[in-house]
Each structure stands twice: as structure tokens, then as C-alpha cells.
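Everything on this sheet refers to the single structure shown next.
The values are calculated or read from the model by the stated rules, or taken from the named source; none is laboratory data. Please read all numbers here as calculations on a predicted model, not as lab measurements. Here the Cβ positions follow ideal geometry from the backbone for every residue, glycine too, while neighbour counts run over all protein chains shown. With ligands, DNA and RNA removed, areas are computed over all heavy atoms of the protein, side chains included. Shrake-Rupley method; radii C 1.70, N 1.55, O 1.52, S 1.80 Å.
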Amino acid sequence: MFDLRGSREVDRQLLEKMNEAQHHRGPVEGGLHVEPGLGFGHRRLSIIDLSSGQQPLFNEDNSVVVVFNGEIYNFQQLMVELTALGHTFRTRCDTEVIVHAWEQWGAECVDRLRGMFAFVVWDRNKQVLFAARDRLGIKPMHYAIVDGWFLFGSELKTLLAAPGLRREISPLSVEDYFAFGYVPEPRTIFKDAMKLAPGHTLTLRVGDTAAVPRQYWDVPFKPHAPMSEQEAQEELLVQLREAVSSHLIADVPLGGFLSGGVDSSAIVAMMAEQSSEPVVTCSIAFNDPAFDESTYAKQVAMQYKTHHHSDVVDKDDYGLIDTLARLYDEPYADSSAIPTYRVCELARRHVTVALSGDGGDENFAGYRRYRYAMGENSVRDILPSALRKPVFGFLGEHYPKADWAPRMFRAKTTFESLALDLAEGYFHGVSKMPDRVRAELFSESFQRDLQGYRAFEVMRGHAANAPTDDPLSLIQYLDMKTWLPGDILTKVDRASMAHALEVRVPLLDHHFVEWASGVPASLKLRGNEGKYIFKKSLTPFLSDDILYRKKMGFSIPLASWFRGPLREVVRDAVLSPALLDTGIFNAAYLRHMVDDHQSGVKDYSESLWSVVMFEAFLRTSHAQ
């Protein structure tokens, strides 16, 4: 906490309370630093230099202090460089590099850091508070200004420990949540709290009344010089090996997630190639074959002779709803948070650090929705605009009634989106609830509160800033700005930190991301094959069963849950007085969704899950 009004005395008891709110993120030890107008707190999960490196950590004369969450993978090289420039190190911890990097380069220090990080530096001599978040948003940072105090923390619950922070729900964030399934940066569910967006910094001084973020990095999507397909494969492997190698440094047991999919298998293959000891791998098996990939995980584990650990999870593992609501602090509707929580729980029994394959789909166009979006885009090119709307409007009225159609194409708005620009069309394709469903879901009074705001404004803003006009690159960019930090990385961070497990993501190393963004779209998506060049490059390392089987993902059977074992639970939650008393919802439409889903008329499982998780958030957060 930092006093923007001057040098008021810090409430040490409040600082301790805020720090303990995220005890689970660093159960090894904690530390506080207090001086006039400033209070820093930190919880440590020791990974590097276990005997020292305690935080808050200072420079030689105690004029600069830092609190930091994450890992700086190039800290050893930076130590050598900074030592040559005259800086003195007391530890061999990556945290101390940040202190001296700030002294040497100021705000530009972030350009020198390779890693996942959220940190805040106080420079007493310059009277400057500097905050930064890593380029892709692997590590989180939340902040708020309350009574002239700048409050910050890794999780929203840290800020909520401060009694002065109003828990007033933002209508715009509610609209965003029911469209995306999460609240995208920079908003939180509460009006008075924010997230620092990926690739941004904040600089604050006494007298400031607002926090104005500055972007220091963006995904470039700068095309490479022409290369053959073989050259691209070879360079991809060079980049991948180097990214994985940089993420292997640790002074604690380290392993990898192994789902049996392409991305996690690729990471394990690279780990095994670079390790003199068997790699520790962890996976989750399901007792329902429709959801189980464990056979493929075991195949990779046997191929690379890993020390493999697997737990079987009941497909009806739905007892985590309230636990998840407390973990995420705001509504979060990705149901794969359940198996993610379980695999982190398993991994922590064997390792302290795990490498994951997250980022492969975003880097190399692996999601099926990319194929759909590109198919729609090609239709845009063929049909004149005057014909698109009547043709697809008709299809939107009739084709969705075909129960055999894929879920994405049963939505009327998917067809209507073909008459819109690519960004809006993509937004409709990825929305948890289409515009027309949200219009029915929300009460008339709440819609007036929105004042015409639509969640698409989030996508529109990012599309306007995109550094590319290539259609596939554009939707990759949109995912990297919304889905990746707001859903994927949030899910993994909260699930892993709940178990004091550090998860590293080599495929989101910013050097690798920069390189991958310059690969031609034709080498990422070719016909119906996403991640084309990624899979081609991995042919010597993984079987076709791993590389080319149908993508499964970490899914759970929501539809059958809500018609079976959770039938009454979902009905009670969706029609609960706490939910209806918010004034946000149209009670008749909530009942309509439950009735139609449970009678089998229509599958509303994703929409209902979003409502169930919102109700759980209300119960666990005491939001107003």
C-alpha cells in the first residue's frame, strides 16, 4: 500500500491482514516492510535460492525495495551484466535482479526481463512507486485507490481485505462476464478495483489521483523473412528447445503436466531430451471414457520413461463449486477449472514446479474455432454484403433447429455474424451467451444501467490496436488479449497457487511468442489442420496418435450433470433469492432456461453454469 497523499502512517494490522489473505500463494514464509506512507507485504513460495531472497528485498543502502511474484528466467545473465556495471548482489535470487535493474534502467527495466512476473518497486530517493506485469499476463496484479491509498495484490481477495473498498458490482463487468465467461482486463467485477493488463506498467508519485497504465510490449505479428517449410520446422525446434531450457532452472523438484495432448506432450519431450534424470509427469484420468485422455498420456510417459503419476477423477466431481468461487474472487465460468484444480492438487504431491503446455493453441491456431472463423471469413469474401445478411439471416432462423448440427452452428447469432466484420463475428463465435440470450437474461432495469454497452467493445478495442491485418493473425491476437489472460492463465494461476504449486509456461516465453507470431498463417492453419507446422516439427518426437487425433480438451459433462445429479442444485442456485434480489436478472428467463434444459428441449448447460458460478460468487464474496 502506498499513500498518494503524503506520508500517513500505515495501518500495520491491515497490511498483515491483506498479506495473509493470499497465504496460500506463499506458505513458506512471509515478510512486511513499513515506512511513512508505504507498506509492503509478501508471501513466499521458495523456488530459487531457498536460504535467502526473502521479501520485501532491498538494494545495498535500503533506498529501493521490491515485492515480486513470479520467476525471472534470465536472472543469471542479468546478474553478470549488472555486476559489471557496478552493482553488488547479496543473494543469488532472481528477485534481487529486479532491484538493481530498476536502479540501472528505471522503467525500461521490464524490457530486459524474461519471465513471468508481477512486481512493485519503491524508490525512496526518487519518490516513485513502479508496478509491472509480465507481457502475456501469466502472473496477476490487482489494484485500487481507496481513501488516497494505492492498494495492490496478486489476488482480488487481498484488496477485499481492506474495509474501505466498496464491493459494488460493475454492470459493465457483468455484461462482460456473461459474454466471455470471465471478466477481461482491465476491469474486475467490482467498480473500484482493476487489473493491471498484461504488458503494462504503472508509475505513481505522491499527489497522483489516478493510476494510468502504460503499455511496454505487444505481440508483434511481424512476418519473418521468407522461409521454406523445412526451415520453419527446424527453426521452430530451436526456439522450442531454448524456451523449455530457460524454464528448467529451479532449486526444488520440477516436473510437467501431461494430458496426452500435443502441447503438453511436446513440452515433456523437450524436457526429457534436456534432462539427465527421468522427468516427473502428472495427469488426470476420468472414469468416463468420453472424457478420458489418460491412455495417450501413458503412451508419452512410456516413450520418454517418465516417473508418471495419474489420479482418477469421477466425472461427477462437482463438489468444488464454492471452492472455485472463493479461489477466483469474481465470477469465472470455465468448467475445466475443476479438472485443472485436481491436476494441480496431484502435481503438488510430487513437485513444487510444473511446466505446462498452455499457449500452443493461441500461438499456432490450434482451436477448432479458428477453422470455423476462417471458413466464415472466406464466405464473406465470396458473397457480396448485400446478400450475406438475408442469406445467413434465413439460415440463422432455420438451421439452428437442426439438432444434429454442431453446437457452434446452432446459434442464430453465428450466422448473423457472417454479415459483420471478422472481429465481431469471432466475438459471437466465442461468446458463452450470445447477445440475444443476454438480452433475455438481463432485467429491463439492468439493461438501462448498461446504457447501451456491449461486451463486444472489449474485442473492438483490441481489434483497433491489432498490429496485423491478416485475418487469422487478428483472431489469434484477440485471443491473446482476452481468452488467454482472462481465462486460461487465470484458471491455471488460481488452481496452482491454491496448492502452492508454481506452473511455468514455456510456450508463452515472450521470445517464443514473438517468433511464432511471425510464422505465416498458411503454416499454422492448413485446410482443417490447426497447428500445422508445430505438429510437423514434432513428428520425430511424438506418434501420429498424439499429433493428429481429435482434440478433446479438459471438458466435463455439464449437460448431464444438470439433468441428473445436480438437477436440484442448479435449479436452487439459478432461482435463488440472492440471485434474483440483485435486480440484474429476468426471473422468467432464468426459469425458462432451467425448464428447457432439464426437460431436454434445449442444451443451456454453458449458460446455466455461468449463472451457477455467478450465484456462488455472490454467496462467497458478500458483493453488494
- Item | the chain: calculated mean residue ellipticity at 222 nm from DSSP helix runs of at least 4, using -39500 (n - 2.57) | -12000 deg cm²/dmol
- Skip the ligands, DNA and RNA, and give the accessible area per residue of the chain with a 1.4 Å probe, whole Å². 38
- Item | Accessible-area order (highest first, 1.4 angstrom probe) of the listed residues Ile169, Ile475 | Ile169, Ile475
- Message: Going by amide H atoms built from the backbone, whose H comes under 5 Å of the H on His42, apart from near neighbours?
- Response: Gly31
- Query: Looking at Leu489, Thr468, His499, which one has the Cα that reaches farthest to the positive end of the dipole of the range 438-511 (charges on Cβ: Lys, Arg +1; Asp, Glu -1)?
  - Reply: His499
- Task: Treat every Asp and Glu Cβ in the chain as -1 and every Lys and Arg Cβ as +1, leave all other atoms uncharged, and give the resulting dipole magnitude about the Cα centre to the nearest 20 debye.
- Result: 800
- Query: According to the Cα gyration tensor, what semi-axes, each the square root of 5 times an eigenvalue, does the equivalent ellipsoid of the range 511-623 have, listed from largest to smallest in whole Å?
  - Reply: 42, 18, 13
- Virtual spin-label span in nm between Arg448 and Ala197, 7 Å along Cα→Cβ: 3.2
- Past the 19 Å Cα-Cα mark, which pairs from Lys195/Lys491; Lys432/Lys481; Lys17/Lys139; Lys222/Lys536? Lys17/Lys139; Lys222/Lys536
- Item | Phi-based couplings in Hz for the range 118-124 (Karplus 6.51, -1.76, 1.60; Gly and Pro marked x) | 9, 8, 10, 10, 10, 10, 5
- Report the Stokes-Einstein translational diffusion coefficient (µm² s⁻¹, integer) for the range 53-180, Rh taken as the Kirkwood radius over Cα pairs, at 4 °C with viscosity 1.567 mPa s. 80
- Quick one: what does P(r) look like for the chain with 10 Å bins over all Cα pairs, in whole %? 3, 16, 26, 28, 19, 7, 1, 0
- Once the in-chain neighbours fewer than 8 apart are removed, the aspartates and glutamates whose Cα is under 15 Å from Lys602 read Asp403
- Candidates per GluC sites (Glu not before Pro) in the range 109-198, loop by DSSP, up to 13 other Cβ within 10 Å: Glu168
- Alpha carbon centroid spacing (whole Å) that separates the range 486-562 from the range 171-243: 18
- Query: Under the Karplus relation 6.51 cos²θ - 1.76 cosθ + 1.60, θ = phi - 60°, what is the ordered set of whole-Hz ³J(HN,Hα) values for the range 136-150, x standing for Gly and Pro?
  - Reply: 9, x, 5, 9, x, 8, 10, 8, 7, 10, 10, 6, x, 9, 8
- Note on the structure: Which residues qualify? For Phe442, with a placed amide H closer than 5 Å and at least 5 residues away or on another chain, they are Asn586
- Everything considered on the Cα gyration tensor (a ≥ b ≥ c; rounded for a/c under 1.5, else prolate if a/b is larger than b/c, else oblate), the range 230-359 must be described as prolate
- Scan the range 273-362 for trypsin sites (Lys or Arg not before Pro) in coil per DSSP, keeping those whose Cβ has at most 14 other Cβ atoms within 10 Å, and list them by number. Lys305, Arg349
- Using amide H atoms built 1.01 Å from N in the peptide plane, name the residues 5+ places from Thr281, or on other chains, whose amide H lies under 5 Å from its own. Gly256, His307, His308, His309
- Applying 1/(1 + (r/R0)^6) with R0 = 22 Å to the Cβ-Cβ distance of Asp11 and Asn62, what FRET efficiency is obtained, to the nearest 0.05? 0.50
- Query: Which helices of the chain meet both criteria: a Cα extent of 30 Å or more along the helical axis and a mean Kyte-Doolittle score no lower than -1.0, with helices taken as whole DSSP H segments?
  - Reply: none
